[in-house]
Amino acid sequence: MVEELPGLAKVRARFIEMLADRQARIAEHALNAWDGETLEDINGNLEAAKAILHQIAGTAGSLGFAELGSAARECEAEVIAHLEGPDADLAICPGEIVHHMDLFVKQCEETLREAA
């Protein structure tokens, strides 16, 4: 059904095109959060990654990338839990978040490879 809608191929192509950039930016923000020394560096990068994950989560499923959308939502939820949790005021970046973002970045790579 998804592939039958008029104009969807063009929207999907644009999503894939943007996914490569978003993937790189998420990876960069994850590394910057991990390497960050101040609360602002860490949480700022986590917020930026969360915003990108939110964009992907909001559109991926409707374009036929349900697994990618679910993975983006899960990563986003994990970041939100940290940023709203008891450790949000500490200058730490949980390794679990970085690990899950790394897995998400790899899933993006797989999606990009399959779409090529």
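Looking at the range 87-99, which of its residues are in a loop (DSSP other than H, G, I, E, B) and either touching a Leu at 6+ places or on another chain (Cβ under 6 Å) or closer than 19 Å to Ala27 by Cβ (or both)? Step through it out loud before you land on a result.
Of all residues in the range 87-99, those in a loop (DSSP other than H, G, I, E, B) come to 87-94.
Hits for the range 87-99 are Ala91, Cys93, Pro94.
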Task: Scan of the range 87-106 for residues that are open to solvent by 50 Å² or more (accessible area, probe 1.4 Å) and not charged (D, E, K, R), ordered by number - done: Leu90, Ala91, Ile92, His99, His100, Leu103
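Quick check on this structure: which one of Glu84, Glu67, Glu40, Glu47 is farther than 18 Å from Ala115 by Cα and under 15 Å from the mean Cα position of the chain (by Cα)? Spell out the reasoning first.
Numbers: Glu84 fails: under 15 Å from the mean Cα position of the chain (by Cα); Glu67 fails: farther than 18 Å from Ala115 by Cα; Glu40 fails: under 15 Å from the mean Cα position of the chain (by Cα).
One residue alone meets the criteria, Glu47.
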TODO: Name every residue in the range 49-77 that is closer than 13 Å to Ile26 by Cα and of a type in the set (Asp, Glu), in order of residue number.
DONE: Glu76
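The values are calculated or read from the model by the stated rules, or taken from the named source; none is laboratory data. Predicted model, so just to flag it, every value in this text is computed and none were measured. All Cβ positions, even for glycine, are placed from backbone atoms using ideal geometry, and neighbour counts span all protein chains on display. Side chains are part of the model used for accessible areas, which takes the heavy atoms of the whole protein and leaves out ligands, DNA and RNA. Shrake-Rupley method; radii C 1.70, N 1.55, O 1.52, S 1.80 Å.
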